[in-house]
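Notes for the one structure printed next.
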Amino acid sequence: MQPDAFVLEQAPGYLIRRAHQISVAVFAEHTVCFDATPMQFAVLSVLSDAPGVDQITLAQRAAFDAATIGSVVGRLITKGWVHRQPAERDRRRKLLWLTPEGEQALAGIAALMPDVQARVLGGLDAAERQQLRALLAKLVAHHGSAPPD
């Protein structure tokens with residue numbers, strides 16, 4: 001018996017990449033007035049939950065690698081949404097906070113997320129949406145929380 005032929009359009013990696021592309025595109029359409037990326041939104045969200053966190057911990061909580069987090073934080077500082085300062089005891093550690101402008105941007109973007117999520121998941125009924133979230137969470141948990149190097 002011959003094994004099933006590989007079909008790209010049915011491969012999990014292909015489907016995950018396409019779903020990510022769709023998610024990013026819908027996010028961009030809805031948040032164009034903020035000129036923000038999903039990665040920037042994730043950083044703002046983590047900083048809202050953990051003000052004064054250092055950049056390494058931020059990278060871990062947002063599941064980004066160290067090189068990526070530095071450039072994302074740099075862009076957010078340039079926008080005036082994030083403030084960075086050295087820690088008092090260890091000047092090499094950089095601590096981060098949202099600025100008032102960053103808090104406003106986060107609130108504005110977060111208010112759009114129900115519409116973004118509804119559009120991304122638009123082809124699924126309520127039970128399928130819940131099942132997809134559960135399966136994706138299980139997949140991510142299986143592979144651990146550390147981002148790839």
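Okay, here's what the table says:
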read-out: Modelled FRET efficiency - R0 41 Å, GLU88 with ALA63, Cβ distances, 0.05 increments; value: 0.90
read-out: Under Karplus coefficients 6.51, -1.76 and 1.60, residue-wise ³J(HN,Hα) of the stretch 21-27 in Hz, glycine/proline x; value: 4, 5, 4, 5, 5, 5, 4
read-out: Average accessible surface area per residue within the stretch 12-136, 1.4 Å rolling probe, Å²; value: 61 Å²
read-out: Under the Karplus curve 6.51 cos²θ - 1.76 cosθ + 1.60, θ = phi - 60°, whole-Hz ³J(HN,Hα) for the stretch 62-68, x wherever Gly or Pro sits; value: 8, 6, 10, 7, 4, 5, 5
read-out: Centre separation in Å (Cα based) which lies between the stretch 1-64 and the stretch 97-136; value: 12 Å
read-out: Positive-pole candidate from LEU121, ALA107, HIS30, dipole of the chain, charges at beta carbon; value: ALA107
read-out: Built amide H within the under 5 Å cut-off of VAL82, gap 5+; value: ILE77, THR99
read-out: Accessible surface of the chain, 1.4 Å probe, proportion on carbon and sulfur as whole %; value: 58 percent
read-out: Principal axes of the stretch 12-136: Cα extent on each, largest first, Å; value: 51, 29, 21
read-out: Cα centre as origin, Lys/Arg/Asp/Glu Cβ charges: the stretch 20-99 dipole, Debye; value: 360 debye
read-out: Options VAL46, TYR14, HIS83, ranked by Cα towards positive dipole end of the chain, top entry (Cβ charges); value: HIS83
read-out: The chain, helix-only ellipticity at 222 nm - DSSP H runs n ≥ 4, -39,500 (n - 2.57), divided by all residues, nearest 500; value: -20000 deg cm²/dmol
read-out: Amide proton proximity set for VAL53, modelled H, under 5 Å, gap of 5+; value: LEU96
read-out: Loop-located GluC sites (Glu not before Pro) in the stretch 41-149 whose Cβ has at most 11 other Cβ within 10 Å (DSSP); value: GLU88
read-out: Residue-level accessible surface for HIS83, protein heavy atoms, 1.4 Å, Å²; value: 80 Å²
read-out: Vicinal HN-Hα couplings computed from phi for the stretch 111-125 (Karplus, 6.51 cos²θ - 1.76 cosθ + 1.60; Hz; Gly/Pro x); value: 5, 8, 4, x, 5, 4, 5, 4, 6, 4, 9, x, x, 10, 7
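The values are calculated or read from the model by the stated rules, or taken from the named source; none is laboratory data. Every value quoted in this text rests on a predicted model; they were computed, and no experiment measured them. Every residue, glycine as well, gets a Cβ built from its backbone with ideal geometry; the counts of neighbours run over all protein chains shown. With ligands, DNA and RNA removed, areas are computed over all heavy atoms of the protein, side chains included. Shrake-Rupley method; radii C 1.70, N 1.55, O 1.52, S 1.80 Å.
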